[in-house]
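Read through the structure below, which is laid out as C-alpha cells, and then see the notes.
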Amino acid sequence: MEKIMEYDIDALDADSGIFSAGHEKLAKKFKSLSEKRVKDGWTLHSYSTDIQGKSIYATAVWKKE
C-alpha cells in the first residue's frame, strides 16, 4: 500500500520598522504558525526566505503523512 503525502504552503511577510527588525517580526509569526501546524500533525518540509528592501518574505512548506 502506497503512502499518500499531503503538502500545504504558508507565505509570511514582515517589514522592518524604526524600532523593530523584520526578521524578529517574521520569527514571531512563524513560531505562532508552526506551533499550530505541529499540533495539527504537520511537519516542516522546507523553508525559504527572501529579503527585498525593508521587507522579508518567507515560504514554509508543510508535509503530512
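The values are calculated or read from the model by the stated rules, or taken from the named source; none is laboratory data. This structure is a prediction, so every number in the text was calculated from the model and none was measured. Using ideal geometry, Cβ is built from the backbone for each residue, glycine included, and neighbour counts are taken over all protein chains shown. Only protein heavy atoms, including side chains, enter the accessible area calculation; ligands, DNA and RNA are left aside. Shrake-Rupley method; radii C 1.70, N 1.55, O 1.52, S 1.80 Å.
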- Item | Carbon + sulfur, % of accessible area of the chain - ligands and nucleic acids excluded, 1.4 Å | 55 percent
- Query: Looking at segment 7-63, which chymotrypsin sites (Phe, Trp or Tyr not before Pro) are DSSP coil and have at most 14 other C-beta atoms within 10 Å of their C-beta?
  - Reply: Phe19
- Item | Extension gain, Lys64 back to Asp10 (0.36 nm per residue minus Cα-Cα distance, nm) | 18.0 nm
- Among Ser55, Ala21, Met5, pick out the residue whose Cα is farthest towards the positive end of the charge dipole of the chain, where Lys and Arg carry +1 and Asp and Glu carry -1 on C-beta, about the Cα centre. Ala21
- Task: Check the straight Cα-Cα distances from Lys25 and name the lysines below 16 Å, setting aside those fewer than 8 residues away within the same chain.
- Result: Lys54
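Give a quick list of GluC sites (Glu not before Pro) in segment 1-59 that DSSP marks as loop, anything other than H, G, I, E or B, with at most 12 other Cβ atoms within 10 Å. Mind showing how you got there, number by number?
Values: sites: Glu2, Glu6, Glu24, Glu35; in loops: Glu2.
When the GluC sites (Glu not before Pro) of segment 1-59 are filtered for loop state and at most 12 Cβ neighbours within 10 Å, Glu2 remain.
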- Message: Straight-line reach from Lys29: which aspartates and glutamates fall under 20 Å, measuring Cα to Cα and dropping same-chain residues less than 8 apart?
- Response: Asp8, Asp10, Asp13, Asp15, Asp40, Asp50
- Using DSSP loop states and a limit of at most 15 other Cβ atoms within 10 Å to flag trypsin sites (Lys or Arg not before Pro), what is the longest stretch of the chain containing no flagged site? 4-53
- Message: In whole Hz and in residue order, list the ³J(HN,Hα) couplings for segment 57-64 that follow from phi through the Karplus curve 6.51 cos²θ - 1.76 cosθ + 1.60, θ = phi - 60°; x for Gly and Pro.
- Response: 10, 9, 10, 10, 10, 10, 10, 9
